[in-house]
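The structure under discussion appears below in the form of structure tokens.
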Amino acid sequence: MKTAVVYYSLEGNTRYAAEKVADALEADIIELVPKKAYPDRGFKKFFWGGKAATMKDKPELEPYGFDSSKYDLVVLCTPVWAGTFTPPLRTFLSENDLSSKRVAVVASSSGGSAEKCISRLMEAAGASSIAAQVSLVDPKARPSEENEKLLNDFIDELGRQKV
């Protein structure tokens, strides 16, 4: 089974998790990069990121070279912005049909539940079921045993499904 890990990361927390998943599953990793970067500090970061997520923006992305026919499993990794997934993932999902794929989700936030984000992401992906999901709290910025355990359990669950 061939796996792709597709992610967008503003501050590196989601990148950290995506790289760990890709390494452990020997998966292809695809970073989504908007042509116009989002602010990454202060009030502007929260204002523009939250507005873009709430308004369901679909920013233009740098070329990312994804062919869904090559993959059985797609792991979508996103920060949580305003209770939902990021606009670069929204663009990716509008450009790629994942309805026949197994989909898993990694959501990272600065605290709180990512259930709404994961639910919205699965709905946008057109996925009828989720292979696995995990919600992490700033896995790079605030390393913890709990985050590592959650991430390892997620990877183990996907690994068991490969057999």
| task | Tabulate in residue order the Karplus-calculated ³J(HN,Hα) for the range 69-84, using 6.51 cos²θ - 1.76 cosθ + 1.60 with θ = phi - 60°, rounded to whole Hz; enter x for Gly and Pro. | result | 5, 7, 10, 8, 10, 10, 9, 9, 10, 8, x, 8, 10, 6, x, 9
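All other residues with a Cβ under 12 Å from the Cβ of E95 taken together, and with Lys, Arg as +1 and Asp, Glu as -1, what is their net charge?
-1
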| What pairs from K35/K58; K36/K56; K2/K149; K101/K140; K20/K56 go past 22 Å between their alpha carbons? | K2/K149; K101/K140; K20/K56
| query | At M55 and R142, where each label point lies 7 Å from the Cα along Cα→Cβ, what is the point-to-point distance in nanometres? | reply | 3.0
| query | Mean residue ellipticity at 222 nm from the helices of the chain, using -39,500 (n - 2.57) per DSSP H segment of n ≥ 4 over the full residue count, to the nearest 500 deg cm²/dmol? | reply | -12500 deg cm²/dmol
| message | What does the extension gain come out to for Q161 and S68, with contour length at 0.36 nm per residue minus their alpha carbon separation? | response | 31.6 nm
| field | Under the Karplus curve 6.51 cos²θ - 1.76 cosθ + 1.60, θ = phi - 60°, whole-Hz ³J(HN,Hα) for the range 25-37, x wherever Gly or Pro sits | value | 9, 6, 9, 6, 10, 10, 8, 9, 10, x, 5, 10, 5
| request: Could you order peptides 2-10, 20-28 by the average number of other Cβ atoms within 10 Å of their residues, highest first? | output: 2-10, 20-28
| query | Given the chain reduced to its alpha-carbon atoms as identical point scatterers, what log10 I(q)/I(0) does the Debye formula return at q = 0.13, 0.15 Å⁻¹? | reply | -0.54, -0.74
| note | Yeah, the range 80-163 with a ≥ b ≥ c from its alpha-carbon gyration tensor (a/c under 1.5 is rounded, else prolate when a/b outruns b/c, oblate otherwise) is oblate
| remark: In the chain the DSSP beta bridges are antiparallel at a rate, in percent to nearest 5, of 10
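Each reported figure results from applying straightforward, stated rules to the coordinates on display, with no laboratory input. Note that the coordinates shown come from a computational prediction; the quantities given were computed from them, not determined experimentally. Every residue, glycine as well, gets a Cβ built from its backbone with ideal geometry; the counts of neighbours run over all protein chains shown.
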